[in-house]
Amino acid sequence: MAEYAVELRNVWKRFPGPGNEVVTAVKDVSLKIADGEFFALLGPSGCGKTTSLRMIAGFELPSEGEIFLHGRPMGKTPPYQRSINTVFQSYALFPHMTIGENIAFGLQMKKIDKQETQRRVGEALEMVRLTGYERRKPQQLSARKCCCSTSRWAPST
Ligand SMILES: Nc1ncnc2c1ncn2[C@@H]1O[C@H](COP(=O)(O)OP(=O)(O)OP(=O)(O)O)[C@@H](O)[C@H]1O
Ligand SMILES: [Mg+2]
């Protein structure tokens, strides 16, 4: 059987609610995501998207079911021992670091050597057309620059 990058098997998450109530945040979710697949979780507010992502990353443990990353059952594996990254909706960038340092951060945590880190940072900047902006802080990028940088992928209207 094919090994998936991410697999959820009958995953449930229940939280204690007000009083003796139980809030079922995720109800019996099973899904398979192949390596390199672009996968979107869509649904109304409160349907359990964030809770599912937090369980995949290891910030929450399922009440029932199992999560597999590259075929390995995660059990109670803590977030720092899972080969997965989460980009949160806010606080995605460290404001005190430059653009270059922000991009390099994950690679440094993984102890990738300096030369390779620089190469990958350069490649990432080039991909989003931000070459030359690596010494700026996130708040020093204008909205216009951000728009121009991503326009390559923006759908044409
Ligand atoms: N720590 C918690 N304790 C109690 N209930 C929680 C907790 N975290 C989430 N919930 C509840 O679980 C349900 C799913 O929440 P979740 O944040 O996963 O939804 P979501 O799909 O990400 O919503 P949104 O689109 O608003 O971000 C909601 O009813 C929420 O109130
Ligand atoms: Mg959410």
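Counting pairs on different chains as well as pairs 8 or more places apart, how many Lys pairs in the chain have Cα atoms under 17 Å apart?
6
Sort the following peptides by mean Cβ neighbour count (other Cβ atoms within 10 Å, averaged over residues), highest first: 129-137, 59-67.
Most protected by this proxy first, the peptides run 59-67, 129-137.
5 Å is the cut-off here: which amide hydrogens, built 1.01 Å from N in the peptide plane, fall below it relative to residue 26, excluding neighbours closer than 5 in sequence?
13
How would you rank 31-40, 96-105, highest first, on the average number of other Cβ atoms within 10 Å across their residues?
Answer by packing, highest mean first, reads 96-105, 31-40.
So what is the 222 nm mean residue ellipticity for the chain from helices alone, if each DSSP H run of at least 4 adds -39500 (n - 2.57) and you divide by all residues, rounding to the nearest 500 deg cm²/dmol?
-8000 deg cm²/dmol
Which log10 I(q)/I(0) values, to two decimals, does the chain give at q = 0.11, 0.13, 0.20 Å⁻¹ under the Debye formula with one point per Cα?
-0.62, -0.82, -1.26
Can you give me the orientation-averaged projected area of the convex hull built on the Cα atoms of segment 6-81, in nm²?
In nm², the orientation-averaged hull projection of segment 6-81 is 5.5.
Convert each backbone phi in segment 32-38 into a coupling constant with the Karplus relation 6.51 cos²θ - 1.76 cosθ + 1.60 (shift: θ = phi - 60°), then list the ³J(HN,Hα) values in order as whole Hz, x for Gly and Pro.
Values, residue by residue: 10, 10, 6, 4, x, 6, 8 Hz.
Where the accessible area of the chain is counted over protein heavy atoms with a 1.4 Å probe, how much of it, in %, is carbon and sulfur?
Using a 1.4 Å probe with all protein chains present, the chain comes out at 54 percent carbon and sulfur.
Which semi-axis lengths, in whole Å and largest first, follow from the square roots of five times the eigenvalues of the Cα gyration tensor of segment 99-140?
18, 12, 7
Hey, what's the chain come to in accessible area per residue, 1.4 Å probe, Å²?
74 Å²
Could you pull out every residue, at least 5 positions away or on a different chain, whose amide H is within less than 5 Å of the one on residue 130? Hs are placed 1.01 Å off N in the peptide plane, and Pro or chain starts have none.
none
In whole Hz and in residue order, list the ³J(HN,Hα) couplings for segment 107-113 that follow from phi through the Karplus curve 6.51 cos²θ - 1.76 cosθ + 1.60, θ = phi - 60°; x for Gly and Pro.
Result, ordered by residue: 5, 5, 4, 7, 6, 6, 5 Hz.
The values are calculated or read from the model by the stated rules, or taken from the named source; none is laboratory data. All figures in this text were calculated on a predicted structure; none of them were measured in a lab. Because the Cβ atoms are built from the backbone with ideal geometry, glycine has one as well, and the counts that use them run over all protein chains shown. With ligands, DNA and RNA removed, areas are computed over all heavy atoms of the protein, side chains included. Shrake-Rupley method; radii C 1.70, N 1.55, O 1.52, S 1.80 Å.
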